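The values are calculated or read from the model by the stated rules, or taken from the named source; none is laboratory data. As the structure is a prediction and not an experimental result, all values here were calculated from the model. As a convention, Cβ positions derive from the backbone with ideal geometry for all residues, glycine included, and neighbour counts pool all protein chains shown. SASA here: full protein model, heavy atoms, side chains in, ligands and nucleic acids out. Shrake-Rupley method; radii C 1.70, N 1.55, O 1.52, S 1.80 Å.
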Amino acid sequence: MDIFSGTIGNLENSIQYASAKNNVISNNISNADTPNYKADKVSFKSALENEMSGLQARTTNERHLNFGEEENRPYRIVKDASTTYNHNGNNVDIDREMSELAKNQIYYNSLIDRMNGKFSSLQSVIRGGN
């Protein structure tokens, strides 16, 4: 029985996503001058799974991995090797990364505020509305 109707779990997954995105953006920014570095990005695992729905892995050996047995994270980190912005083969756009970092910080803060609100409501119910 899920007493929180999935809200706290969804918020937890979203906070994990925002934290991972912050780490990836910070790593991209720190490697902005690294030759041939390709920027990473974070995408929701569920979005990728929706694209892959209906695909079944054909396993002919017990060591083969099934599509559904990946890490239990709500996101994936992928390399963006499709572009090159700098003369040294690096594709980190520092302006874009800083913009994404600011947007992600606002998103993260709103998730934390929502989580705090959820726990405040629960605390109020436990105390009997006082």
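Just so you know, in the stretch 60-93 the residues that are aliphatic (A, V, I, L, M) and at pLDDT 75 or above include one that is surrounded by the fewest Cβ atoms within 10 Å (Cβ to Cβ), and it is Ala81.
Candidates Ile3, Ile8: the one that is of a type in the set (Val, Ile, Thr) and either open to solvent by 40 Å² or more (accessible area, probe 1.4 Å) or at pLDDT 90 or above (or both) is Ile3.
If you go through the stretch 99-125 and keep only what is surrounded by fewer than 13 Cβ atoms within 10 Å (Cβ to Cβ), within 30 Å of Tyr37 (Cα to Cα) and aliphatic (A, V, I, L, M), you end up with Ala102, Ile106.
Provide a single number: the residues in the stretch 78-102 that are in a helix (DSSP H, G or I) and free of Cβ contacts under 8 Å to residues at least 24 places away in the same chain. Let's see the steps before the verdict.
Let us first name the residues in the stretch 78-102 that are in a helix (DSSP H, G or I), namely 94-102.
Then keep just the ones that are free of Cβ contacts under 8 Å to residues at least 24 places away in the same chain; that gives 95-96, 99, 102.
Going through the stretch 78-102 one residue at a time, the tally reaches 4.
Note on the stretch 73-130: residues that are touching a Phe, Trp or Tyr at 6+ places or on another chain (Cβ under 8 Å) and acidic (Asp, Glu) total 1.
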